[in-house]
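Below: the structure, in C-alpha cells.
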Amino acid sequence: MATTDRQMLLICIGLAFVFWLILNLSQDYEINKTVMLQYSVSNDRALAGTPPRSVPVQIRGRGWNLIWESMRGSEMSVQLDVGADEDYLLSRNVLEQEIRRQLTSGDLEIDNIGYDPQRILTTPRDGKRVPIISNVKASFGPGYAAVNGVTLQPDSVTVSGAIDELEEITSWPTEPLILEGLEESIRTSVALKPPPEGLKLNYDEIRLAVDVEAFIEQQFRIPVTLYNAPPSDSSRVFPPYVTVTATVPQRAFGTIRETDFRVEADLSRMKTNDPYNTVPLTLTRVPENISRVDFTPRAVEYYIYNRPQ
C-alpha cells in the first residue's frame, strides 16, 4: 500500500470516529452521584440530632454535558444555609435547586433524588471544658530521658455544640505525633483531633514541651520498713534490704540519698497459707526527679520470735 493510500485510510478512520462520537454524545444518558450535605448554622446555634449527610441523585443529559460532570467525580458537595432557624424545612425543591447550582451545565436535568423532606432542628450552642488526652509518643537517645514527661499547654479545651452531643464528651485527644531519638529539650505544637460537623473547639492546636536531660543509672541499698506487724518480742524480714535501681538526672547525681526512698512490707497482705511466710514489697517514696525506678527483690520472708515463758 502506498504512503498516500495509508494517509487517506487514517483520515477516513479519523472522520468516521468523529462522526460516531458526535452521534453518540448527542444522545441522552444518565449518571449517578452522591450529594454530600453540609449545613451552615449561625455561631450561637448548633444542629440537633443527626440530619442527613448524603443523598443519592441521578443526573440526565446529553453526552457532551455529562462528560464534564463525570470528570468531577462521583461526589458533589452542597452547602445548605440553615442560619438561626430553630426549625428548617429541607424540602425536595430546595435541595434540587441547590444541586442545580453545582452542576457544570444548565442543560443537565436532575432525574431522581433519593430524599424525603425533613426538618432540620437547631438548639442554642453550649460549651464544655474537657481535659486533653495526649497521643504524643516520645523516645530518647541512649542515656537521655524526659525530666517531667510530655507536658501540654493548655491541658484542656472548650468544646461547643448541641447540649445532647456534649453530654457524652469527657475528653478530647490530640492528633498522633511521634518524636524519636530526642537528646535535647523540644518546644513545638501538636494539632487537636478535628471535631465532627456541629462541634467546635476554641483552638485547633496546643503547645507541647519535652524537657530532655542526660541520665545516669544509680543503685541504692534501702532497708525494709514493716507495717501491721502482730504483737511479738521480735519481728524480722529476710533480706532486710532491697536494691533500688534508679535513673537519675546527671545534674542531680550525688544529691539523692537512701533516705529519699522508702520500701514497705505490709504484713496484713501476707498469705496465711504460704509455707514460706513471704510478703510483697511496695516502693512508697521516690524522689520527684527520678525518671525510671526498679527494685529487687519484690518480696521478703517474715519471721516472728517470741521469748519462752
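The values are calculated or read from the model by the stated rules, or taken from the named source; none is laboratory data. Treat the numbers as computed from the prediction; the structure is a model and nothing was measured. Using ideal geometry, Cβ is built from the backbone for each residue, glycine included, and neighbour counts are taken over all protein chains shown. Each accessible area value is taken on the protein alone, full model and side chains, heavy atoms only, with ligands, DNA and RNA left out. Shrake-Rupley method; radii C 1.70, N 1.55, O 1.52, S 1.80 Å.
If you find the alpha carbon centre of the stretch 169-222 and of the stretch 77-116, how far apart are they in angstrom? One Cα centre to the other: 43 Å. Computed from the Cβ-Cβ distance with R0 of 22 Å, the FRET efficiency linking Asn148 to Glu205 stands at 0.60. Label positions at Arg251 and Glu168, each projected 7 Å from the Cα along the C-beta direction, are separated by 4.7 nm.
Rolling a 1.4 Å probe over the protein heavy atoms of the chain, with every protein chain left in place, gives an accessible area that is 51 percent carbon and sulfur.
Between Ser156 and Ser189, the modelled labels are 2.3 nm apart [label points 7 Å from Cα along Cα→Cβ]. In the context of the full set of protein chains, the chain has a per residue accessible area of 62 Å² (1.4 Å probe).
Roughly how tilted is helix 92-102, in degrees to the nearest 10 and between 0 and 90, from the longest Cα axis of the chain? Its long axis makes an angle of about 90 degrees. Only Lys, Arg, Asp and Glu carry charge here, each on its Cβ (+1 for the first two, -1 for the last two); on that basis the chain has a dipole of about 900 debye about its Cα centre. Relative to the longest principal axis of the chain, what angle (0 to 90°, nearest 10) does the C-alpha long axis of helix 3-25 take? Between the helix axis and the principal axis of the chain, the angle is about 80 degrees.
Taking the helices alone, the chain has a mean residue ellipticity at 222 nm of -4500 deg cm²/dmol, built from -39,500 (n - 2.57) per DSSP H run of at least 4 residues and averaged over all its residues.
Given the alternatives (1) 24.0; (2) 19.2; (3) 34.8, mean projected area of the Cα convex hull in nm² as computed for this entry is given by (3).
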